[in-house]
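Colleague: This is the structure, below, for whatever I ask next.
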Amino acid sequence: MIFQGEIQWIYTVMLVAVRMAILFFATPLDGFGKVPTQIKLWVSVALSVLVVSTMDVNLIYIPKDVLSFGMMAASELVAGLVMAFGLYAAFGTLMVAGGILDYQTGFAAANIFNPALNTQNPLLGTVLLMFATMIFFFIDGHHMVLRAIVFSYQMMPIGSGVLDINFSLIVAQFGMMFTFGVVLAGPVIAVLLMLDGGAAIMARTMPQMNVYFLFLPLKIFVGLTLLASMLAYISPLMNEIFNKTFQFWHFTFAGLDRGV
């Protein structure tokens, strides 16, 4: 006979797995969907069992019917989506910067197909995203994510109701994504705009010359050279972006407002 405590433990593992699985399935850390779904599912379940067995994570009450369990699962789904959005915004910064750089350097027509999302990703954005993923694991970001997940269960226990989302935090996270994206691409854009100005002057003074085909290889060379020289400064910027993401999680689950 299964005792009530064992039933509560099973329910707890299932609900913890919902929040954990959403974060695993909806983040760009799996190499554009190359990690098989079964592996991500089993890793989510294994981590859920580990969290429930080692941490003080318990249900407030045992659901009495399917509807109650469904409401709890929906609450965990929302919490997982909020955490996944924070990570997506962090890595989306690189895609914003890459999209701007692609447009300025002439790589906009050479997008890369993303089979996981069925979308076209910017070429330089994909390169920056891979570099940021490497930095993420290098600074033990995956450990910080696991600690943040455990922290979320302390701030929002299972069965405590639907997360009260402060939408100003969502807007601020969007703003962070575009702000840091422009900051990252800003120096390269400034130099390329000066090249465009020089091309415009040359086109006016020498209309017989095909300025486009003359300056396009030069813009690509200058853009890639400046981007390569900036890679040393991307790591501190990514540290700041990830810190902003963890702050977003903290303020969201704590129900606080950053005043933004």
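Colleague: Per residue of the stretch 36-47, in order, report the coupling 6.51 cos²θ - 1.76 cosθ + 1.60 (Karplus, θ = phi - 60°) as ³J(HN,Hα) in whole Hz, putting x for Gly and Pro.
Modeller: Residue by residue, the stretch 36-47 yields x, 4, 4, 5, 4, 5, 5, 5, 4, 5, 4, 5 Hz.
Colleague: Another question, if that's okay. Which order do 54, 105, 126 fall in if you start with the one that has the fewest other Cβ atoms within 10 Å?
Modeller: So the ranking, lowest neighbour count to highest, is 54, 126, 105.
No value in this document is a laboratory result; all are computed from the given coordinates. Predicted model, so just to flag it, every value in this text is computed and none were measured. All Cβ positions, even for glycine, are placed from backbone atoms using ideal geometry, and neighbour counts span all protein chains on display.
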